[in-house]
Amino acid sequence: MRRLTRRGGVLAAAGLAAGLILAGPGAASATAGCPAWDGTPPASPSGRSGGNDILSGIAVVSSCYVWAAGITESASGADHTLAERWTGGGNWAVMPTPTPAGARTINMGAVVADSAADAWLPGSYVDDSTGTDHGLLLRWDGSSWAQVALPVSTAHLGAVAAVSPSDVWVTGTGPDGAVLLLHYDGSGWIQWPVPAITPGGTFQRISLWGMSATSARDVWAVGGFTLGFSSRDIPLTLHWDGTAWSQVPAPDATPPDDDLGTTLRSVSAISPADAWAVGGSDEDASTVIMRWDGHTWTVVPSPDPAAVSGGDNLNYFTGVAAVSASSAWAVGGYGSEHSGVTLADHNLVAHWDGRNWTQVPVFSPGKVENVLKAVAASPAGFAWAAGIASDQFFSSQRTAVTVTGAVPNVVGDSQAAATDAMDSAGLNTRVTTVTTAGGGCGPAANGTIIATTPAAGTFTAPPVTMTFCDFPPVVTVPSVVGLADNQAQSTLTNAGFTTGTITLSGNCSFDPGTVLRQTPAANTTASRGTAVNLVEATPPKPHGCAQ
């Protein structure tokens with residue numbers, strides 16, 4: 001390893017808010033209950049046709065506090081860092097963020113935090129005057145964001161894994177394209193050697209795109225590499241055991257004759273014996289998911305939607321978040337390609353239930369382009385995902401987020417309790433009210449939720465529709481005078497009444513069976529279930545009505 005002298009420490013800057021945060025103003029509210037996300041997207045600050053607003057990362061502090069980060073494009077075409085904070089319902093706030101002087105093109109990655117007062121965001125930018133690439137690292141200290149000065153030249157920073165404020169890993173590349181593994185110990189940075197990669201040879205490219213850590217002795221970095229003049233990607237997984245980095249064999253998810261291979265884009269570990277890595281197969285553009293069991297990486301079958309509107313598949317995963325052995329989330333995009341032209345892109349979300357990965361239906365707001373780039377799990381287990389949506393290819397991109405979670409069982413709960421349960425599950429709701437008997441609504445169910453759509457246990461994006469039974473004991477008697485017998489009885493039943501005695505009265509002015517009078521009278525109040533007596537027309541006897 002090589003000890004690096006710290007130069008300049010942290011550069012003061014107005015905060016880029018893109019990591020997990022739970023300190024300073026608003027910390028108290030972040031732990032209290034709040035309305036679930038109501039579907040309001042984060043702002044797209046460029047606010048103009050042709051402008052691009054891209055979210056590349058999302059981080060969950062609590063069920064009431066979320067950061068989304070990326071870039072926004074100014075009217076001049078220059079990129080600026082972007083961070084937005086959500087605090088419940090539709091409340092998104094764009095926060096001040098630092099942008100390096102002279103930066104024009106900026107790319108930001110996923111955010112990582114090890115505590116409320118320590119978060120990190122990696123990326124890169126191109127200097128407009130020189131055209132050179134520079135790595136960019138930002139840190140949250142509990143009150144503001146600042147740019148971190150690294151004592152080594154970097155061209156790109158791809159991922160961060162933070163165990164504690166004094167145990168942070170960053171991966172990227174130097175100006176010569178060589179991979180960097182940098183460690184911060186609280187007082188300075190150490191550059192650790194990249195382990196020998198097998199199979200050996202001349203590497204055209206080594207890329208590390210994702211990192212995850214469960215402890216000081218369990219850190220993963222994933223990506224891919226190519227050999228010689230080949231363009232075929234080989235999946236790469238590196239592991240830190242507290243002493244050194246080593247390559248861990250990863251299965252190639254594509255056949256040997258595949259010209260492009262497989263790249264891993266994200267990794268998430270919950271223990272030394274349980275981790276997930278996701279990416280895509282470049283040749284047939286199919287999703288790839290691998291699982292670590294403490295001994296080996298194994299390819300696990302993953303959702304791979306069929307091509308949209310014909311053409312070839314264009315499917316991939318870009319982010320993964322593990323919650324437990326029986327719950328994990330993966331996000332990305334799927335679509336199709338024909339003659340090199342993308343026909344459609346749709347958001348892709350999948351959930352692991354302990355046995356299988358299953359695609360979860362989510363809305364894709366863009367007409368032609370939708371990609372979820374990052375995912376983060378909330379303390380309650382539901383997932384937030386962030387990315388982009390656009391109605392034009394590679395232009396006018398706007399920010400996009402989605403939430404997916406399991407519908408809780410709220411049947412029998414009051415509307416208030418059911419709403420709280422849905423909020424805790426991250427699912428915004430719509431309520432439909434039923435005031436008539438049937439479908440579970442009646443005196444016993446009055447004032448409670450009688451159904452949800454989708455049903456309890458279903459993984460879905462919001463909103464969830466809850467059906468509320470409003471069956472009060474005293475209601476207004478409807479008017480049935482002038483209605484035919486079958487219509488009158490149906491109206492009474494729907495209003496919660498029963499049909500009492502029916503008395504026939506000779507009358508030639510109305511069709512037989514028409515209600516002439518009712519008791520109790522219309523627009524009075526009575527207890528539900530009260531019998532309403534009717535007087536109905538019938539031809540007088542013995543002669544009937546004249547024809």
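Here is a check on your reading of the model: is VAL126 among the β-branched types (Val, Ile, Thr) and under 21 Å from PRO42 (Cβ atoms)? In short, no. Residues of region 160-198 that are farther than 18 Å from VAL222 by Cβ and either crowded, with 22+ Cβ neighbours inside 10 Å or in contact with a Leu (Cβ under 7 Å, 6 or more places away or on another chain) (or both): GLY174, TYR184, GLY188, TRP189, ILE190, GLN191. Here ALA344, ALA277 are screened, and the one residue that is at pLDDT 95 or above and either of a type in the set (Phe, Trp, Tyr) or not in a loop (DSSP other than H, G, I, E, B) (or both) is ALA277. Among the residues of region 406-419, is there at least one that is more than 25 Å from GLY33 (Cβ to Cβ) and hydroxyl-bearing (Ser, Thr, Tyr)? For region 406-419, residues more than 25 Å from GLY33 (Cβ to Cβ) and hydroxyl-bearing (Ser, Thr, Tyr): absent. Here the condition is being within 30 Å of THR519 (Cα to Cα), in contact with a strand residue (DSSP E or B) (Cβ under 6 Å, 6 or more places away or on another chain), at pLDDT below 95 and surrounded by 18 or more Cβ atoms within 10 Å (Cβ to Cβ); of PHE471, PHE459, it holds for PHE471 alone. Here ILE54, ILE71, ILE58 are screened, and the one residue that is part of a strand (DSSP E or B), closer than 30 Å to PRO35 by Cα and free of Cβ contacts under 8 Å to residues at least 40 places away in the same chain is ILE71. Quick one: which of ALA196, ALA155, ALA159 is without any contact (Cβ under 8 Å) to a residue 60 or more places away in the chain, in contact with a strand residue (DSSP E or B) (Cβ under 6 Å, 6 or more places away or on another chain) and at negative phi? Going through ALA196, ALA155, ALA159 in turn, just one is without any contact (Cβ under 8 Å) to a residue 60 or more places away in the chain, in contact with a strand residue (DSSP E or B) (Cβ under 6 Å, 6 or more places away or on another chain) and at negative phi: ALA155.
Can you tell me which residue within region 19-46, out of those that are under 23 Å from GLN397 (Cβ atoms) and of a type in the set (A, V, I, L, M, F, W, C), is modelled with the highest pLDDT? Selected residue: TRP37. Checked across region 516-534, the condition of being exposed (fewer than 14 other Cβ atoms within 10 Å of the Cβ), of a type in the set (D, E, K, R) and more than 30 Å from ASN356 (Cβ to Cβ) holds for at least one residue. Condition first: over 25 Å from VAL160 (Cα atoms) and surrounded by fewer than 17 Cβ atoms within 10 Å (Cβ to Cβ). Can you find one or more residues in region 50-68 that meet it? Yes: one or more hits. Highlighted here are the strands (runs of 3 or more DSSP E) found entirely within region 432-520 that include at least 2 residues which are under 30 Å from PRO540 (Cβ atoms) and of a type in the set (A, V, I, L, M, F, W, C): 498-506, 515-519.
Residue-level check: of (1) at pLDDT 90 or above; (2) out of contact with any Leu (no Cβ under 9 Å at 6 or more places or on another chain), GLY496 misses just (1). Residues of region 257-270 that are touching an Asp or Glu at 6+ places or on another chain (Cβ under 8 Å) and at pLDDT 95 or above: ALA269 alone. Per the conditions (1) crowded, with 16+ Cβ neighbours inside 10 Å; (2) of a type outside the set (Ser, Thr, Tyr); (3) in a loop (DSSP other than H, G, I, E, B), the sole criterion not satisfied by PRO540 is (1). Hey, does region 193-215 have a residue that's more than 20 Å from GLY174 (Cα to Cα), of a type in the set (D, E, K, R) and modelled with pLDDT under 95? No, that holds for no residue.
Yes/no per residue for (1) at pLDDT 90 or above; (2) part of a strand (DSSP E or B); (3) out of contact with any Leu (no Cβ under 8 Å at 6 or more places or on another chain):
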{"site": "SER309", "(1), (2), (3)": "no, no, no"}
{"site": "TRP329", "(1), (2), (3)": "yes, yes, yes"}
{"site": "SER336", "(1), (2), (3)": "no, yes, no"}
{"site": "VAL349", "(1), (2), (3)": "yes, yes, no"}
{"site": "PRO361", "(1), (2), (3)": "no, no, yes"}
{"site": "VAL371", "(1), (2), (3)": "no, yes, yes"}
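Residues are listed down the side, and each one gets a yes or a no for (1) within 29 Å of ASP252 (Cα to Cα); (2) out of contact with any His (no Cβ under 8 Å at 6 or more places or on another chain); (3) not polar (S, T, N, Q):
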| residue | (1), (2), (3) |
| --- | --- |
| VAL160 | yes, yes, yes |
| VAL163 | no, yes, yes |
| THR173 | yes, no, no |
| GLY177 | yes, yes, yes |
| LEU182 | yes, yes, yes |
| GLY186 | no, yes, yes |
| TRP189 | no, no, yes |
| ALA196 | yes, yes, yes |
| PRO199 | yes, yes, yes |
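Between GLY405, GLY426, GLY438, GLY447, the distinction of being on the phi > 0 side of the Ramachandran plot and crowded, with 22+ Cβ neighbours inside 10 Å belongs to GLY426 only.
The values are calculated or read from the model by the stated rules, or taken from the named source; none is laboratory data. These numbers come from a predicted model, not from an experiment. Note that each Cβ is placed from the backbone with ideal geometry, even for glycine, and that neighbours are counted across all protein chains shown.
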